Structure formats: structure tokens, C-alpha cells
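What follows is calculated from the coordinates using simple rules that are stated; it is not laboratory data. A quick note: this is a predicted structure, and the numbers were derived from the prediction, not measured. As a convention, Cβ positions derive from the backbone with ideal geometry for all residues, glycine included, and neighbour counts pool all protein chains shown.
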Amino acid sequence: MVVPRHCDPARADLSAWKAHGMRASASGSFDFTGMEISENEIIGGADAYHLQPAFSAGAWRFCAVQLGGAERLLDCTREHLLQAGRAADPHQLARMGQAAIAAQGARLWVEAAAKRAEGGDVGDADALIAFVNLTRAAVERAALDIMELAQRSIGLPGFLRAHPFEHVLRDLATYLRQPAPDKALVEGGEHVAKSSVRAGDLWRG
């Protein structure tokens, strides 16, 4: 439903939202007692939100947000190393290369998932859902790798609240915790295991 903007703010309870990251966001409960909702304020029918393949395939969108956070961490790391005069260190360069590989790999997954999900022709719905589920796992793994590499590169300064890296790290760590990641990975793997085509042709068409 679209809740009218003139609703009493006292109906919202955000007291439980004390997250480690994403502190600028808000999440909580809302009391609808006594409110009248008109037909033009209702979007879709009962359970329309969970209709497949749109529900699972739409997860590419939060993958894109996670990717943006991971890429921002890479930018923060590079900026820190340049300002600290440590960008020429071979160990730092190796970590920078590893982080770039992870970021680009995740970007390729997200872009491909977006094209499949939003291309207009769903085709094999099960294959689409499996692809996006695997995209979730790929982006999470890449983001976690970039987080570790960035922490090693920046060191203790990156854990001080005044450092721009610190809040990006907290926000990304929090937003990576999307529901049922293991279930999504298993379902993606199941699609691959049951397929009769070669690995190189799994996602063609």
C-alpha cells in the first residue's frame, strides 16, 4: 500500500533500529489501526509482491547497490594510499589488483542479471531466477573480498570514525546481509546440476 504522507508520525515505531551500519536509514513497524485505505492506495493483488520470477529476479537491484558500495570501498582505498604516499608499494598494488578483479567480476554478473531480468522476454523463468541467485553469491563474495583487502591496505586508520572509509565499510557490511543467501546459492547450484548442457552454454539464449 501507499501510505498517505499526512499520516501521524506517532504511528511509526523505529526504536528497535539500532544497526551497526546504515545508520542514516530507518526500519520499524507501523500501526494501521483505524486507518481507512482506499482502492487507489493499494498496489497489486494479494501476494502479488511474491510473484515469480519477478520477486527473485528483482534481487539484481540490491546486488547493484552492494556493488556500488564495494566499488566505493575500492575508491576510498586508492584515495587513502595516494594521500599517504603508499600507492607504489608492491604489496598494496597487488591488493589493488585483486580488488579490481573482484569488483569487475561482480559488475559483469550484475549487468548480465539486469539485462536478463529487465529485457522484456523472461524466457526460461527457472534459469533467470538461478542466474540472479548466483549473481547474489558472486557479488557478496566479491564485496567480502574487497572489504578484507581494503582493511589490510588501510589498516587501523580505516577503523577510526573520522575516516571516510569507516562508514562505507559499516554500511556495506550491513547491507550485504540480505535474506536467505544460502538458499539462493543452493537453488542456483541445483539448476546447474540438473542442466544437461555444457558449462559454456548454461546461460545462452
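Miscellaneous remarks
- Under the combined filter of DSSP loop state and at most 10 neighbouring Cβ atoms within 10 Å, segment 1-88 retains these GluC sites (Glu not before Pro): E36.
- In the chain, taking the dipole from charged Cβ atoms about the Cα centre, the farthest positive-side position among L108, A16, L134 is held by L108.
- Among the chymotrypsin sites (Phe, Trp or Tyr not before Pro) in segment 1-63, those placed in a DSSP loop whose Cβ has at most 16 other Cβ atoms within 10 Å are W17, F32.
- The Cβ shell under 15 Å around M22 holds other residues with a net charge of +3, Lys and Arg each +1, Asp and Glu each -1.
- Per-residue Karplus couplings for segment 170-182, computed as 6.51 cos²θ - 1.76 cosθ + 1.60 with θ equal to phi - 60°, are listed in order as 5, 4, 5, 4, 6, 6, 5, 7, 7, x, 6, x, 5 Hz, Gly and Pro entered as x.
- For Cα Rg over 2.2 N^0.38 Å, the value calculated from this model appears in (1) 1.25; (2) 0.95; (3) 1.01 under label (1).
- Table column - 3J(HN,Hα) (Hz), segment 87-103, Karplus curve with 6.51, -1.76, 1.60, x for Gly and Pro: 6, 8, 5, x, 5, 5, 5, 5, 5, 4, x, 5, 5, 5, 4, 5, 5
- Taking other C-beta atoms within 10 Å as the exposure proxy, D75, D171, D121 rank D121, D75, D171 from fewest upward.
- In this rough spin-label picture, where each label sits 7 Å from Cα along the Cβ direction, the A24-A193 distance is 4.2 nm.
- Farthest toward the positive end of the dipole of the chain, out of S29, A125, S195, is the Cα of S195, where the dipole comes from beta carbon charges about the Cα centre.
- When +1 charges are put on Lys and Arg Cβ atoms and -1 charges on Asp and Glu Cβ atoms, the dipole computed for segment 91-205 relative to its Cα centre reaches about 320 debye.
- Taking the Cα centre of segment 1-43 as reference, the dipole from Cβ charges on Lys and Arg (+1) and Asp and Glu (-1) amounts to some 380 debye.
- Under Karplus coefficients 6.51, -1.76 and 1.60, residue-wise ³J(HN,Hα) of segment 65-77 in Hz, glycine/proline x: 5, 4, 4, x, x, 5, 5, 5, 4, 4, 4, 4, 5
- For segment 115-181, the set of trypsin sites (Lys or Arg not before Pro) satisfying both a DSSP loop assignment and a count of at most 12 other C-beta atoms within 10 Å is given as R161, R177.
- Rounded Å value of the spacing that divides the Cα centres of segment 162-184 and segment 41-85: 10 Å
- This ranking places M1, M22 by how few other beta-carbon atoms lie within 10 Å of each, fewest first, which gives M1, M22.
- The dipole here belongs to the chain: it is taken about the Cα centre, uses +1 on the Cβ of Lys and Arg and -1 on the Cβ of Asp and Glu, and is about 840 debye.
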